[in-house]
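Data block below; observations after.
Quick note: the coordinates plus some simple rules give every number you see, no bench work behind them. Since this is a predicted model, take the numbers as computed values, not measurements. In this analysis, Cβ positions are derived from the backbone assuming ideal geometry, glycine residues included, and neighbour counts consider all displayed protein chains.
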Amino acid sequence: MNLFRMPAALAVAAFALAVTPGAAQAHEGTHPFENCSEAYANGYANIAEGDEHYGSHLDRDADGIGCDQPPADFEPADEAADDAGKDTADDTDLAATGGDGATPYLAGGGAVVILAGGGVLMAVRRRRAGTE
C-alpha cells in the first residue's frame, strides 16, 4: 500500500467524524417515549391518552394514563428546569449532551486543524514528488 494513501484516508475519516452530528438526541416530543424509564428521565409522568408522548405500551393497566407510577425521586420537567435556575424561555434546540455556545467554535477549530493537516500532507507529497 502506498504510504501516502493511509494518512490521506485517515484525514478524510477524521474530517467525516468531525462533521457528522453526534448520536445523542434529545426527545423532541413528536413521538411516544420508548418506555416509562425514558419518560421519567425526561420529567414526564401521568401521560394522558391523546398527549403526543402517550403510547399504549406505556399504559399497563389500560386506564388512559401512561407511566402512572413514577419513582420516589421523580421530578417533573417544569420543576427540574426551574430548580436548575434555567430560564425556560431561553431554551435551545440543543440535545442534552452538554453542548453550549462554544460548541460550534470547537467544531470549526477541529475542522481547521484537519484541513491544515491535509494541506501539510499535500505539501509534503509535492516536495517528495519533486525530489524523486
If I model a spin label at GLU49 and PHE74 as a point 7 Å from the Cα along the Cα→Cβ vector, what separation in nanometres do I get? 1.9 nm
Hey, what do the phi angles of the stretch 117-124 turn into as Karplus ³J(HN,Hα) couplings, whole Hz, using 6.51/-1.76/1.60 and θ = phi - 60°, x for Gly and Pro? x, x, x, 5, 4, 5, 5, 5
Pseudo-spin-label distance ARG125 to ASN42, built 7 Å along Cα→Cβ, given in nm, is 4.5 nm
The long-range amide H neighbours of GLY66, using H built 1.01 Å from N in the peptide plane and a cut-off of under 5 Å, are ILE47, ALA48, GLU49
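Would you please give the FRET efficiency between ALA9 and LEU115, computed as 1/(1 + (r/R0)^6) with r the Cβ-Cβ distance and R0 = 22 Å, to the nearest 0.05?
0.90
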Residues with amide H under 5 Å from that of ASN42, placed H, sequence gap 5 or more: none
Gain in span if fully extended, ALA107 to ARG60, counting 0.36 nm per residue against the direct Cα distance: 12.5 nm
Could you go through the stretch 43-59 in sequence order and give the Karplus-derived ³J(HN,Hα) for each residue, using 6.51 cos²θ - 1.76 cosθ + 1.60 with θ = phi - 60°, rounded to whole Hz, and x for Gly and Pro? x, 10, 8, 6, 7, 6, 4, x, 6, 5, 8, 6, x, 4, 5, 8, 10
